[in-house]
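The values are calculated or read from the model by the stated rules, or taken from the named source; none is laboratory data. Model, not experiment: these values are computed from the prediction. Backbone-built Cβ (ideal geometry, glycine too); neighbour counts: all protein chains shown.
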C-alpha cells in the first residue's frame, strides 16, 4: 500500500462533502474569512478544546479557568497597546482596487493580481469597532476583543483571591476572538472570527525564565496527545526585531501545512507589562503579597496562546491521506482516509449489522446504545455493503468499526476492524467497551 499526503484544495473539498467545515453564508455567496463547522467538524473542534482544557486545567492544581466577556471596557485596549500598536501595514492596487498586507507582497511596486501600481504602505488597525448603547458616537465606541488574554489580566486579582491561589499559578480561557484581517486565504488558517485557547501563568519576578522553559516543554507534549506527526512540528524563536511590544522572549510552535511552516501556538514571556499597564490606567493596585517572601510585587507572566481553529486545521492536514492498495495498474484501489488519533476522532466507533435484517439490526443497535452511554462517540449504519460502509468511515476518520453478523447470535462476539492496520479481531460483546478504551489511550 502506498500513501500520499493530500493538498489543501482536496482537504477543503472533503471538509464540505463530509460535513466538517462549510463557507459561512454560502447560499448568499459566502462571507469571506468566516467558517461554519458542520456535524463532524464541531465534534472534532470540541474534542481538541476538551483535550486542551483537560491538559491545562483539570489535570493540574495550579491552573484555574475563567470565561470572560467578548465586549470589555474600551480603555482596556488602550492600556494593552492594541489601540496604538495593533496594526498591519497595507497597500492598495490603484487599478483593481484590491488590498494586500505589505509583508505579503514583499515590497513589490506592482499588483500581483493585475500588474497595476501599488500605493505606499499605510497602517490599518485590526480590531473590530462597534458601539454600545442607543447612540453611535465617540463616547459609545467599544471593540470586539482581538484576544482572550486581557480578560485574564483584569480579573487576575479577583480570581487569585476568590480561589485562594498562591504564586505561581495560571488562569486559562478558551473563547472567541475577532480580527479584521485583510489577507484571508488558506482556508481556516486566518479568519476574522476564531477561537483561542490561552493560559496566563503568574510567577514571582525572578522566576519568569524558569517557568518559560517549563511551559515551552509542556506545550510541545500536548500535540503528542492529538496524534500530530512529530516531523510536522517545530519550534521557531522570535528574533529581536520580531518580538511583540510586550514580550521579553517568544517561541512559536509551527506546523508544516500544505502552504508551508506556520504558527499554531505562541509561548511568550510577557514580563509584567500587562499588569503594569492595567494598574496605571485603572488606578487599581494589582500587586500580589507573597507571604513566604514577605513582600509585595507585580507578578510576571508566561503566556501560552494556541489557535483552536489552526490546531484543528493542523490535525486535519496531518490526518488526510490518499492510499492506493497493492495491485497493478488500474486494478489498484484508492481510498481516502483521515487518520485521526482515536482521542480526537469525531466518531470513535461505528456499529454495523452485517445485513439489513431485523435479527441483526436490533442486537447491533443495542451495542451502539451501550457504547454511546459509555461516552464513546458512535455511529450506526445499515446502508450499503460492509466494504462501502468501511470506506465511508475511513474517510471521516473513524478508528474502529464493529460488525454484528449471524455468528454473533451464537457466540456473543463481534468483529472489530482497525482503520489503520485493517486487522479484524473477534471480541466478546461484554469486552468491547474495555477493548476500545484501551486502544484509545494507547
List pairs: first in the range 384-404 and at positive phi, second assigned to a helix (DSSP H, G or I), Cβ under 7 Å, 6+ apart or cross-chain? 397/319
Give me a count of the residues in the range 161-203 that are more than 30 Å from residue 23 (Cβ to Cβ) and either out of contact with any strand residue (DSSP E or B) (no Cβ under 7 Å at 6 or more places or on another chain) or free of Cβ contacts under 8 Å to residues at least 24 places away in the same chain (or both). 4
Residue 340 vs. criteria surrounded by 15 or more Cβ atoms within 10 Å (Cβ to Cβ), in contact with a strand residue (DSSP E or B) (Cβ under 6 Å, 6 or more places away or on another chain) and either at pLDDT 95 or above or assigned to a loop (DSSP other than H, G, I, E, B) (or both): no
Single match in 136, 181 (criterion: more than 17 Å from the chain's Cα centre (by Cα), under 19 Å from residue 264 (Cα atoms) and surrounded by fewer than 19 Cβ atoms within 10 Å (Cβ to Cβ)): 181
Residue 291 fails exactly one of (1) farther than 30 Å from residue 396 by Cβ; (2) modelled with pLDDT of 95 or more; (3) out of contact with any helix residue (DSSP H, G or I) (no Cβ under 6 Å at 6 or more places or on another chain), namely (2)
Yes/no for residue 253 being touching a helix residue (DSSP H, G or I) at 6+ places or on another chain (Cβ under 8 Å), assigned by TED's automatic domain parsing to the domain that holds residue 64, buried (at least 20 other Cβ atoms within 10 Å of the Cβ) and under 29 Å from residue 298 (Cα atoms): yes
Whether any residue in the range 422-433 is exposed (fewer than 12 other Cβ atoms within 10 Å of the Cβ), in a loop (DSSP other than H, G, I, E, B) and in contact with a strand residue (DSSP E or B) (Cβ under 8 Å, 6 or more places away or on another chain) is what I want to check. yes
Flag for residue 134 being in contact with a helix residue (DSSP H, G or I) (Cβ under 8 Å, 6 or more places away or on another chain) and in a loop (DSSP other than H, G, I, E, B): no
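So, residue 243, is that one modelled with pLDDT of 95 or more and either within 23 Å of residue 203 (Cβ to Cβ) or surrounded by 14 or more Cβ atoms within 10 Å (Cβ to Cβ) (or both) or not?
So residue 243 fails the test.
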Against the definition (in contact (Cβ under 8 Å) with a residue 24 or more places away in the chain, surrounded by fewer than 15 Cβ atoms within 10 Å (Cβ to Cβ) and in the same structural domain as residue 282 (by TED's automatic domain parsing)), how does residue 36 come out, yes or no? no
Please state which of the following conditions residue 127 fails to meet, knowing it meets all the rest: (1) in contact with a strand residue (DSSP E or B) (Cβ under 6 Å, 6 or more places away or on another chain); (2) part of a loop (DSSP other than H, G, I, E, B); (3) farther than 30 Å from residue 108 by Cβ. (3)
Being modelled with pLDDT of 80 or more, in the same structural domain as residue 56 (by TED's automatic domain parsing) and more than 28 Å from the chain's Cα centre (by Cα) narrows 200, 161, 150 down to just 161
Hey, among 64, 57, which residue is closer than 20 Å to residue 200 by Cα and either in contact with a helix residue (DSSP H, G or I) (Cβ under 9 Å, 6 or more places away or on another chain) or modelled with pLDDT under 90 (or both)? 64
Find the residue count for the range 282-326, including only residues that are more than 30 Å from residue 34 (Cβ to Cβ), surrounded by fewer than 24 Cβ atoms within 10 Å (Cβ to Cβ) and touching a strand residue (DSSP E or B) at 6+ places or on another chain (Cβ under 6 Å). 5
Given (1) modelled with pLDDT of 80 or more; (2) part of a loop (DSSP other than H, G, I, E, B); (3) farther than 16 Å from residue 418 by Cα, identify the lone condition not met by residue 345. (3)
If you take just the helices (runs of 4 or more DSSP H) that sit entirely in the range 68-120, which of them hold at least 1 residues that are closer than 20 Å to residue 244 by Cβ and at pLDDT 80 or above? 75-79, 82-85
Out of the range 258-272, which residues are surrounded by fewer than 20 Cβ atoms within 10 Å (Cβ to Cβ) and under 15 Å from the mean Cα position of the chain (by Cα)? 262, 263
